[in-house]
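Novice: Structure incoming, see below.
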Amino acid sequence: MKECVKDKKTKKSISKLLVTELVLLLVTFTASQVWALASNNIPLDSPVYDYVEKLSGFGLIDSDVRGLRPYSRAEVARLLSEAEASEARLTPGELPLAEQVIRRLKELVPREAELREKPGNAPFADFNPVSYARLRYVHLNGVPRSYNRDIFIPGDQSVFGFIGGNLRPGTAGIGHESGTEGTPLLENNEGVIYRSGNNGEVRFAAEGYLLDKASFLVEPYLLATPENDVLKLGKGYLKIGSGGLELEAGRDANWFGPGRRGALTLSNNARNFDLVKLSSPEPVDVGWVKSYLGEFKYALILSRFDETGSGETLRQPWFLGLKLALKPKPWWEIGVNFVRQEGGHGFSGSSTLQDNIFGGGTTNHNNTIAGIDLRFRIPWLANTELYGEYAGEDSAGFWPFVESYVAGFYIPRLTESGRDDLRFEFFYGNPMLYTDFKFPAGYVYQGMTPGDSQGGGAIEFYCRYSHWFSPRNILALEYFRTDRGHEGRVTVNADNRFDPNGVMQALERKNAIRVAWNFPLVGDLDANLMYGWERIHNFNLVGGAKQTNQLLKVDLSYRY
């Protein structure tokens, strides 16, 4: 009975927060949205995001906000319109590929491109039984890494090790990381895990629209692995509204941050949340907001994790995610990221107001990860982009200082034609990242972290080179080096649990390469071939253990 009362109180406080946020947004953004059109979202692994990046690299798009995804189809149509209006900026050498990318984007968002300036012309009801589809074959020869291990958590810490004094006083202790890598060499796959051997998957999306006011999408998929065959819902949602104010309810993927390979607070690594989401699929179209803040987008997400643990460790926390993204100048973007596991079963006692708001205290019933991201474009250096994300745990009151980072650069035009590009990305995950003593499973949903796919206590260097023969014919080479155990290693038993008489964990080192080739087959049907190979030393932090993994992926996709 007490647990029910506490759960109701948690629901009530979250409901108040959502209502307050909604009222503030409605009061602030009551101005009418020009050219607003309800539309569905672009899958996060669609090449559409590469197309938008490439047009930005040509200097044709200034208002793109990279740190908040997915993009809606209407947002892509808006960016496409901006690119078309800027074609005069191109040199003769840049023009061929840029024009090809623009044409391809028009083919992928025809409804939104056609109704962009006259959304009132949308039919009363419209339905597309196959908006996009994908058939996938995966052969895996290997074993995923396990993230289940005890880890050393230091005490007496400061920001960056020297700012602010002793913000986290106390003695050191042992924390626990949990979860799984999922599928080796295939991260950020919305929680879908392929097993060793032959795997098959088919998915498609059906969508519909009501005037320019509402849209819906259903994306089921059938997965066949050596272990079992399952039919699941990958995505399914209803959206009402558009422009600067949209309400979405259902199951969908989300991403907070500018990184390509990883994001610290929210990515599509784990299974998609069942959520209620209030957001701006397009930048807020209010005069004073644009004058003072520039392009501004936001997202507020409410969901709930699955039940984990038992007895005193039983938990089923609520999930709250908030993202604010600003672009004060065409070359500068800044974002604020916030995710929290809140309350649910298993807590006793009351929490102070400060701990409820900021977390990190001794009475709080939550686990918070928060931080900022930055992205800079350098026009005089072929529109090269520098970006970074900083996030910290709430282990010292309101200071999110147990730091983790994503940082990188993207060169969209190694040559004038723009057919060659290069990206480098670095990830550092603090040993405390995604752990929490109040939630023994940590920041893990359906067995995988919704943050960076490499988990906490890890360092990774990632490099990707791409050559564009055409927008549908792209060859890419990737290399990444991942280390786990630079910090936080302890002596453990055979279950990777702390044991003072056990064996010291070893530093795990992974080197991996991937090559991918996307090319058109016929009509709107494309093929994507990807082969990956990796070698892991001290597999799962066990000294002397070695593991070699190989993966072959073949996709046939329709208008994806």
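Novice: About the Cα centre, and with charges only on the beta carbon of Lys, Arg (+1) and Asp, Glu (-1), how big is the dipole of the chain? Nearest 20 debye, please.
Specialist: Dipole magnitude for the chain comes out near 320 debye.
Novice: Would you calculate a helix-derived [θ] at 222 nm for the chain, using -39,500 (n - 2.57) for each DSSP H run of n ≥ 4 and dividing by the full residue count, to the nearest 500?
Specialist: -4500 deg cm²/dmol
Novice: Percent of Cα-Cα pairs more than 22 Å apart in the range 483-560, please. Working shown, then result.
Specialist: Working: 1455 of 3003 pairs.
Result for the distance tail: 48 percent.
Novice: Let me spell out the model: positive unit charges on the Cβ of Lys and Arg, negative unit charges on the Cβ of Asp and Glu, origin at the Cα centre of the range 394-495. What dipole size does that give, in debye rounded to 20? Walk me through the intermediate numbers first.
Specialist: Numbers: 9 positive and 13 negative charges, 56 e Å.
My answer is approximately 260 debye.
Novice: Spelling out what I want: for every residue of the range 141-151, take phi, set θ = phi - 60°, compute 6.51 cos²θ - 1.76 cosθ + 1.60 (Karplus), and round to whole Hz; glycine and proline get x.
Specialist: Calculated HN-Hα couplings, in order: 10, x, 9, x, 6, 9, 9, 6, 6, 7, 8 Hz.
Novice: Around SER404, under 9 Å between beta carbons, what's the net of Lys plus Arg minus Asp minus Glu among the other residues?
Specialist: Charge balance near SER404 sits at -4.
Novice: For a quick check: with amide H placed at 1.01 Å from N, whose amide H comes under 5 Å from GLY234's, ignoring anything fewer than 5 positions away on the same chain?
Specialist: Placed amide hydrogens put GLU219, TYR221 under 5 Å from GLY234.
Novice: For TYR479, put the label point 7 Å out on the Cα→Cβ axis and report which residues of the range 498-514 keep their amide N under 12 Å from it.
Specialist: Counting only backbone N, you get 511-514.
Novice: Along the charge dipole of the chain, which of VAL339, SER81, ASN473 sits closest to the positive end, that is, farthest toward it, with unit charges on the beta carbon of Lys, Arg, Asp and Glu (+1, +1, -1, -1)?
Specialist: VAL339
Novice: Give me the net charge of VAL109's neighbourhood, meaning all other residues with Cβ under 11 Å from the Cβ of VAL109; Lys, Arg count +1, Asp, Glu -1.
Specialist: +3
Novice: Let me ask you something else. With unit charges on the beta carbons (Lys and Arg positive, Asp and Glu negative) and the dipole taken about the Cα centre of the range 396-548, which residue among TRP533, THR415, TYR443 sits farthest to the positive side?
Specialist: TRP533
Novice: Now, a different point. Go ahead and run the numbers for FRET between TYR558 and GLU416, Cβ-Cβ distance against an R0 of 35 Å, rounding to 0.05.
Specialist: Details: r = 33 Å, r/R0 = 0.95.
About 0.55, to the nearest 0.05.
Novice: In the range 118-156, whose amide N lies under 11 Å from the spot 7 Å out along Cα-to-Cβ of ALA545? List them in ranges.
Specialist: 144-149
Novice: Provide the FRET efficiency to the nearest 0.05 for the LEU386-GLU107 pair, computing r from the beta carbons and using R0 = 30 Å. Don't jump to the answer; show the numbers that get you there.
Specialist: On the way: r = 32 Å, r/R0 = 1.06.
Here the calculated transfer efficiency is 0.40.
Novice: Here's another thing I want to ask about it. May I ask you to compute the full-extension gain from LEU314 to LYS213, defined as 0.36 nm times their residue separation minus their alpha-carbon distance, rounded to one decimal in nm?
Specialist: Going from the current span to full extension adds 32.2 nm.
Novice: Using θ = phi - 60° and the Karplus form 6.51 cos²θ - 1.76 cosθ + 1.60, what ³J(HN,Hα) does each residue of the range 94-103 get, whole Hz, x for Gly and Pro?
Specialist: 7, 4, x, 5, 4, 5, 5, 5, 4, 5
Novice: Would you kindly compute the Cα radius of gyration of the range 32-558 and its largest Cα-Cα separation (Dmax), both in Å?
Specialist: So, for the range 32-558, Rg and Dmax equal 23.0, 73 Å respectively.
Novice: Could I ask something else about it? For the range 221-282, what does the equivalent ellipsoid look like in terms of its semi-axes, each the square root of 5 times an eigenvalue of the Cα gyration tensor, given largest first in whole Å?
Specialist: 26, 18, 8
Novice: Continuing with the same structure: When the Karplus curve 6.51 cos²θ - 1.76 cosθ + 1.60 is applied with θ = phi - 60°, which whole-Hz ³J(HN,Hα) does each residue of the range 63-71 get, with x for Gly and Pro?
Specialist: 9, 6, 10, 7, x, 9, 9, x, 7
The numbers here are math on the coordinates, done by the rules we state, and not lab data. Quick caveat, the model's predicted, so the values are computed rather than measured. When we count neighbours, we look across all protein chains shown, and the Cβ atoms used for this are built from the backbone with ideal geometry, even at glycine.
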